[in-house]
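The values are calculated or read from the model by the stated rules, or taken from the named source; none is laboratory data. Just so it is clear, the model here is predicted, and its values are computed rather than measured. Positions of Cβ are backbone-derived with ideal geometry, glycine not excepted, and every protein chain shown enters the neighbour counts. Ligands, DNA and RNA are stripped out before the accessible areas are found, and what is left, the full protein with its side chains, is counted by its heavy atoms. Shrake-Rupley method; radii C 1.70, N 1.55, O 1.52, S 1.80 Å.
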Amino acid sequence: MPVARARQIADEQELDLVKIAPTAQPPVCRIMDYGKHRYEQIKREKEARKNQKVVEIKEVRLSMTIDVNDINIKAKNAMKFLKEGNKVKVSLRMRGRQTSFASHGVEVMNNFFESLGGTAVMEKKPATEGRSIIMILAPAKQ
């Protein structure tokens, strides 16, 4: 249909002539109320943003000399964070001569991961970064 005829029909119905696919050959147009269309589009985008879940990174700090009960308490907190759908950053700060025994710190981190009992997936394995050892856990898929 010629553009002039399409405009005439749109004016008669008091609507707008909107290009839907301007790159198509010939261009595709639709007769609609553009203001209403924009309103509905903004409303859909706002609804999509509202339903979106932002993943936060929660942190759990351990030490080289942590006891079994303390690990269990920290693991319980980490499980709570993971059930909420958040990632957990487990960090272990080494002080003084502890830096020469980094392998013991990695063991502590692995024991912590095992105490979670399959509720987490190791996204980043324990790695030494300066004076600390960092591991990142993500919720396990059910």
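Of the listed peptides 30-42, 49-61, what is their order by residue-averaged count of other C-beta atoms within 10 Å, with the highest listed first?
Ranking the peptides 30-42, 49-61 by packing returns 30-42, 49-61.
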Completion exercise
Here, LYS83 and THR99, labelled 7 Å along Cα→Cβ, have an inter-label distance in nm of 4.0
Exercise for the section: Can you spot the lysines whose alpha carbon is less than 27 Å from LYS19's alpha carbon? Ignore those fewer than 8 places along the same chain. Expected result: LYS36, LYS43, LYS46
Problem - Set of lysines with alpha-carbon distance to LYS80 below 26 Å, sequence-local pairs under 8 removed - result: LYS50, LYS53, LYS58, LYS89, LYS124, LYS125, LYS141
Exercise for the section: Between the alpha-carbon centers of segment 86-132 and segment 1-27, tell me the distance in whole angstrom. Expected result: 63
Practice task
May I ask you to give the percent of accessible area on the chain that is carbon plus sulfur, with a probe radius of 1.4 Å?
Solution key: 50
Fill in the blank from the handout: In deg cm²/dmol, rounded to the nearest 500, the helical mean residue ellipticity at 222 nm of the chain, built from -39500 (n - 2.57) for every DSSP H run of length 4 or more, is -13000 deg cm²/dmol
Problem - Normalised per residue, the volume of the convex hull around the Cα set of the chain (Å³) - result: 176
Practice task
Find the accessible area per residue for the chain; the probe is 1.4 Å, ligands and nucleic acids are left out, and the unit is Å².
Solution key: 74
